[in-house]
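These notes are about the structure you will find just below.
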4 protein chains.
Amino acid sequence: MGVMRLGYVHARVTDLDEARSHYGGTLGMKQVHQEQGVAYYKAWDEWDHHSVVLEEGGVGLVKLGYKVARSTDLDDFERRAAAFGCLTERMSRGENVGIGDGVRVVLPSDHVVELYHEAEFLGTETGTLNPAPFPRELVGVGVPRIDHCLITTEDPETLERFFSECLDFRSAERVVEHLDDGALLGSWMSCSNTPHDIAFIKGPNGKLHHFAYALTDWHEIKRAGGLFAMDDVPVDVGPTQHGITRGETIYFFDPSGNRNEVFSGGYMVHDDFPTITWTADQLAAGIFYIGRELNERFTSVLT
Amino acid sequence: MGVMRLGYVHARVTDLDEARSHYGGTLGMKQVHQEQGVAYYKAWDEWDHHSVVLEEGGVGLVKLGYKVARSTDLDDFERRAAAFGCLTERMSRGENVGIGDGVRVVLPSDHVVELYHEAEFLGTETGTLNPAPFPRELVGVGVPRIDHCLITTEDPETLERFFSECLDFRSAERVVEHLDDGALLGSWMSCSNTPHDIAFIKGPNGKLHHFAYALTDWHEIKRAGGLFAMDDVPVDVGPTQHGITRGETIYFFDPSGNRNEVFSGGYMVHDDFPTITWTADQLAAGIFYIGRELNERFTSVLT
Amino acid sequence: MGVMRLGYVHARVTDLDEARSHYGGTLGMKQVHQEQGVAYYKAWDEWDHHSVVLEEGGVGLVKLGYKVARSTDLDDFERRAAAFGCLTERMSRGENVGIGDGVRVVLPSDHVVELYHEAEFLGTETGTLNPAPFPRELVGVGVPRIDHCLITTEDPETLERFFSECLDFRSAERVVEHLDDGALLGSWMSCSNTPHDIAFIKGPNGKLHHFAYALTDWHEIKRAGGLFAMDDVPVDVGPTQHGITRGETIYFFDPSGNRNEVFSGGYMVHDDFPTITWTADQLAAGIFYIGRELNERFTSVLT
Amino acid sequence: MGVMRLGYVHARVTDLDEARSHYGGTLGMKQVHQEQGVAYYKAWDEWDHHSVVLEEGGVGLVKLGYKVARSTDLDDFERRAAAFGCLTERMSRGENVGIGDGVRVVLPSDHVVELYHEAEFLGTETGTLNPAPFPRELVGVGVPRIDHCLITTEDPETLERFFSECLDFRSAERVVEHLDDGALLGSWMSCSNTPHDIAFIKGPNGKLHHFAYALTDWHEIKRAGGLFAMDDVPVDVGPTQHGITRGETIYFFDPSGNRNEVFSGGYMVHDDFPTITWTADQLAAGIFYIGRELNERFTSVLT
């Protein structure tokens, strides 16, 4: 029960045709629906209607969708979010193509999150009867599924409290200024067994740092990197391994400048997971463990 | 809330010194406690007191421990198990070294499962402050954690119903005789986001097929295989990839003949995961996808 | 100077259309030429005209082609082979499509080897100007190149002496009955820096055990295995790692029953490489290091 | 026949104890000999006496040793080098510990190369009788062997001509200013089947850019990176994949500031390999294919 996962990322792109080439041709997602200026994409190992919505005009996030396990969770979360002081409203089936009723919440960081329980079922590419472990034909990277999102907020403490108190997320890892000073610089929070279903770092409200796709392993990360080069996809950082989450990673940009990530690995989180603390002086190792250096672009470019 | 994970496997071994060499020297677990004829082991990425208990005398399972998220889950699960017709009893802190109060349930398959909420915290080897992604010094394979257990039962339908109705597990994958005949031959059930926290196949009650350790990836599976050869660990099957769970695997035996597995990969399961069905005619591909052959030993040796 | 590499394998297949599906569709080689009942294939990282010739009618080897570094090597090798007692003859440009003049030698094992210096240049798929590290679009496994061949001979000592004395190959690894008894059961011989450009084991003259494709690494071996299952390619053994050569491997069969291998890894051989000896009692570990078991099929099926 | 491989790198280090910690403790080479201010190291898969010599005092290269296949090669190479205009001299057994007679050549780039045919045989760690594919116990990264060296020269054309005409190396890849302008910026040259046994780029004479260790694969590259972080080894670039050579790589520095590389992969070079050309505008992709960016440090720090 509770929030299961990041269900969809609804992002703005400056040019939909370029975005199609990236999300479809390079990443290998499948377009499942399109309307005037909006395209809906699904990855091969996802069963719901879509996981990425691309809307022409601008950059950055329109909203994030998180899917909950039970319809009754919606009332509960709405009440808790409202009590927390967030603006909430009901959304109806059909406001989002293929998505059922839900609750829309404006986070303390000004991001919009939609909670929903129902989505049109399209099924994975490999199906449910004697399935192959991966599709015989993949396009480009062939990303299996989206994984998480990293956003920025002026007030990490409050946003962490929101996700913890209202949505039952747990902090897997936290970055603090000093050990004896609770000033929170970032938090990686989980509602599942993965190290982060949402993460946020200190920065301007309402901004997107990146959203990420889960790949199988370190070898797939390298293969993705080769395809990025062939397709002229700008790479920000990587391949490398994170200290935070232990994940293997490449950061790159879609043609509109929204940062994406391919991510693999990471450990198992449980309710009793002993939260990890990083101190600011070790932040570079926390972000990029092998090189222990942050580039200016990674820390400053947001959409 | 609910069951979080397989917390410990308590197994019998014919010779404790030989077992120490295997679980300690080859697999690289750390002995955290010992008493007369019983040794307690922990893997490096686990934080609770132990995950494997080795008791001298015989082979096979003594019991399995599953850790629950809240102490109040224990009452609930006890009531549901009793209502299901299982023998249940309370267990007290200290009956298992380092483990708190709990509920002991005899499964319809005659296996004993202990549910508990508290365990002495020892912490992972990498700790919670600016941790490295893996320990600088690993012994042997250096298994990070246990993952799941596969047992046998005369009546898979009933055992599946037990885990579903009493413990809120979901079936990620099921093997049936034919599509139009519900005769269940095996079920891979999950209480987390992994494809199986328990699995069972048709066979004699009370028996162990194997218990498994999670490794990082396919490369670590190969490295483990090399160490098994150097240490004269009998390998049953692998390396290969499962159809069921997609996991990468080697099966091998401890010196007493208990089957172990090293396992990596697998997909994400959620509450709305569309359960996968395998038909018996494709079982060999389901078990060993690449080779599509079952050996006699794999299907017949149980402890 | 001297022999550079295995240049082509010319094999018989019972059905050319089925063979095309295998070598083209599953392995991803490109057909570069065809005539009545014969198809010529090239892998993406090879530059010469072809590396595999499939001739309809029967199974097994027609002949092997080894390319030499200088045209003057041909005279030298012809003279040495004749002096060794082998039947030799000159072959002319065009006897093999795309291949220049050469020398045909009947080995002491009755296999036919063609030595040649010239081949029509087609180039690799990635080219010679600012190339990508792999082709953007691969078909199936996408094998980069052929690597070696394993044949059988009634008299391994003589065949080893032939390759050493006539063609300047070196034994990287040898299997002997006992350490104090020189009876040779097999030899892995190199004319390059790889552990084997030809290998042979004791068995009937004139037979093929397998020919092999080089893949990048252990991850590609697994991916190939998945594709074999999807395409109903019979797998003989693997994935596993060899003791001999350290190579990572899957053995499988083409639709005619000729055994193929995908192979990765292995060490560097030089002229001063200290030859490795395996004793027959450790042969299973030498062949399949992880499992240390030989199956009946692997040791008995030849074409 | 001819040059077989880079046999040893003799480098200067500012502090021998710090260097021991790096080459011994982190890289896992074994010290085989030491004298006043000089330490000799061997990697586990090498059989000759040593492959790295560390001499206290300064930084950069003292000299490189290349091992030749036949003692008669020495006369030939000496004559050709002298005819090319290089200063040459004979060196005697024992001038280098464990190394036989040879020829010392001052390259047109002012680097010193020693050619030799004999070295004391110590054997690999896994031995020549029924060997395991890797040592049961590795220290740190556990590098198997050295692979190549990259040096700088004011005159790449002349140095390429030297290695081609005097030592029979072939250019696997070349970087030129423009396609229609032969100005050579760098060359990757091979005397074996690997893409480079020596490489050089335009820069000051006599300087070292890096020397490299061969690892098994991309996974080992990542593991090395983790160990570098744990041991505070400064990482320059990587992990990433080269366009040139296709190799997978991390560049890092020893405590004295000499750049090292761990390298895996790469293709097979033969005498008929079609040399690859990179144009300067694609140099960043040639060096670091995935990110296509060169950092200032990588292009400017030499020792």
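The values are calculated or read from the model by the stated rules, or taken from the named source; none is laboratory data. Everything quoted here is computed from the prediction, not taken from an experiment. Cβ placement follows ideal geometry from the backbone for every residue including glycine, while neighbour counts extend to all protein chains displayed. Note: areas computed on protein heavy atoms with side chains; ligands, DNA, RNA excluded. Shrake-Rupley method; radii C 1.70, N 1.55, O 1.52, S 1.80 Å.
Close amide H pairs (under 5 Å, H built 1.01 Å from N) link B:V13 with B:E55, B:E56, B:G57, residues at least 5 positions away or on another chain.
Counting protein heavy atoms only, the stretch D:96-198 has 48 percent of its accessible area on carbon and sulfur, 1.4 angstrom probe.
Where both partners of a DSSP beta bridge lie in the stretch B:145-300, what percent of those bridges are antiparallel, to the nearest 5? Of those bridges, close to 70 percent are antiparallel.
Put simply, what bits of the stretch C:242-272 lose 50 Å² or more of accessible area when the other protein chains are there, versus the chain on its own (1.4 Å probe)? By number: C:R246, C:M268, C:H270, C:D271, C:D272. Take each residue in C:121-129, count the other chain C-beta atoms within 10 Å of its C-beta, and the mean is 3. Largest first and in whole Å, the equivalent-ellipsoid semi-axes of the stretch C:145-300 read 25, 17, 15, each the square root of five times a Cα gyration tensor eigenvalue. When you restrict to C-alpha pairs under 8 Å that are six or more residues apart and normalise by the size of chain C, the relative contact order lands at 18 percent.
In the stretch D:3-116, Cα pairs under 8 Å separated by at least six residues give a relative contact order of 26 percent. For the protein assembly as shown, the per residue solvent-accessible surface stands at 33 Å², with DNA, RNA and ligands left out and a 1.4 Å probe.
Sequence-ordered 3J(HN,Hα) estimates for the stretch B:164-176 from the Karplus curve with 6.51, -1.76 and 1.60 and θ = phi - 60° stand at 6, 7, 8, 10, 6, 6, 10, 7, 7, 9, 9, 10, 10 Hz, glycine and proline given as x. Within the protein assembly as shown, DSSP assigns beta bridges of which about 70% are antiparallel (rounded to the nearest 5). Shielding value for B:38-48 is 1, the average number of Cβ atoms from other chains within 10 Å of each residue's Cβ.
Taking the Kirkwood radius as Rh and the Cα radius of gyration as Rg, chain D has a ratio of Rg/Rh equal to 0.94. Annotation for B:D232 and C:D155: the two label points, set 7 Å from Cα along the Cα-Cβ direction, are 4.1 nm apart. The calculated Kirkwood hydrodynamic radius for the stretch D:3-116 is 14.7 Å, given to one decimal from all distinct C-alpha pairs.
Value of Rg to Rh for the protein assembly as shown, rounded to two decimals, is 0.97; Kirkwood radius and Rg both from alpha-carbon coordinates. About its Cα centre, the dipole of the protein assembly as shown is roughly 0 debye, where the only charges are +1 on Lys and Arg Cβ and -1 on Asp and Glu Cβ.
Of the residues C:T275, B:T299, ranked by 1.4 Å probe accessible area with the largest first, the sequence reads B:T299, C:T275. Considering only beta bridges that DSSP places wholly inside chain C, some 75 percent are antiparallel. Evaluating 6.51 cos²θ - 1.76 cosθ + 1.60 at θ = phi - 60° for every residue in the stretch B:66-76, the Karplus couplings come out as 10, 8, 9, 6, 9, 4, 5, 4, 4, 4, 4 Hz, glycine and proline recorded as x. Once the Cβ-Cβ distance of C:R93 and C:E165 is raised to the sixth power relative to R0 = 22 Å, the FRET efficiency obtained is 0.20.
Which of A:K63/B:K42; B:K30/B:K67; A:K42/B:K222; A:K30/A:K202; A:K42/A:K207; B:K30/D:K222 have a Cα-Cα distance over 31 Å? Pairs exceeding the cut-off: A:K63/B:K42; A:K42/B:K222; A:K30/A:K202.
Modelled spin labels at A:L122 and A:H178, positioned 7 Å past Cα toward Cβ, are 5.2 nm from each other.
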